[in-house]
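What follows is one structure encoded as structure tokens, with my remarks underneath.
The values are calculated or read from the model by the stated rules, or taken from the named source; none is laboratory data. The structure presented is a predicted model; accordingly, all values stated were derived computationally and were not measured. Every residue, glycine as well, gets a Cβ built from its backbone with ideal geometry; the counts of neighbours run over all protein chains shown. All accessible areas refer to the heavy atoms of the entire protein, side chains included, with ligands and DNA or RNA removed. Shrake-Rupley method; radii C 1.70, N 1.55, O 1.52, S 1.80 Å.
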Amino acid sequence: MKQIKSEIIDPTISAPLPRPISAKECECGCGHSFSPRRRDNIYLNKQHADFAYNHGKRKSKNKQRLIDDKALRKNDNLLDKHFKSEKGQGEIDRFYDILKADGFQSGYYIGIYSQNEKEYYISYRYMYRIYKSNGVLIINIKKR
Ligand SMILES: [Zn+2]
């Protein structure tokens, strides 16, 4: 005689699975979801973590460059505006405070040039020097 052994597996009595940490999106920006092994895992794996690190660094580097470029362009445009307001002059003098009020930032220049023992700061199209006359700051602007 054959004995039939039947096993009934009742899913309700099986031990509950440990509650998984819910899936989350990898923070590198790849769009993949993953199930972190630990709650502080924020990247799919090391490659994604490295990618995020390099990318973030590159991004902030570019951001600073854009700010610098903008300031340099603005300076150059302000020098251009004032220089062209007096036609036929080889160089012009302006109250420095006027350019400063317009947003000129003297800390932004692309080089320094010496001429006749005077030091000029260089913008894209102009060179300038700032000096004091009767206690007032004057900016002298020349074409390069
Ligand atoms: Zn990723």
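Descriptive notes on the structure:
- Carbon plus sulfur fraction of accessible area for the stretch 24-143, probe 1.4 Å, in percent: 48 percent
- The stretch 35-41 - phi-based ³J(HN,Hα) in whole Hz, Karplus 6.51/-1.76/1.60, Gly and Pro as x: 9, x, 6, 10, 5, 8, 6
- Partners for Lys132 among lysines (Cα-Cα distance below 29 Å; same-chain residues under 8 apart left out): Lys70, Lys74, Lys81, Lys84, Lys87, Lys100, Lys118, Lys142, Lys143
- Under Karplus coefficients 6.51, -1.76 and 1.60, residue-wise ³J(HN,Hα) of the stretch 112-117 in Hz, glycine/proline x: 10, 9, 9, 9, 6, 6
- The residues neighbouring Phe83, those whose beta-carbon lies less than 12 Å from its own, together hold a net charge of +3 under the Lys/Arg +1, Asp/Glu -1 convention.
- The alpha carbons of the chain give a radius of gyration and a Dmax of 33.4, 123 Å, in that order.
- Excluding ligands, DNA and RNA, the accessible surface per residue across the chain is 81 Å² with a 1.4 Å probe.
- Relative contact order of the chain, pairs being alpha-carbon contacts under 8 Å that are 6 or more residues apart, as %: 16 percent
- The residues neighbouring Arg125, those whose beta-carbon lies less than 14 Å from its own, together hold a net charge of +4 under the Lys/Arg +1, Asp/Glu -1 convention.
- Highest mean packing first, where packing is the average number of other Cβ atoms within 10 Å per residue, the peptides 91-101, 132-142 line up as 91-101, 132-142.
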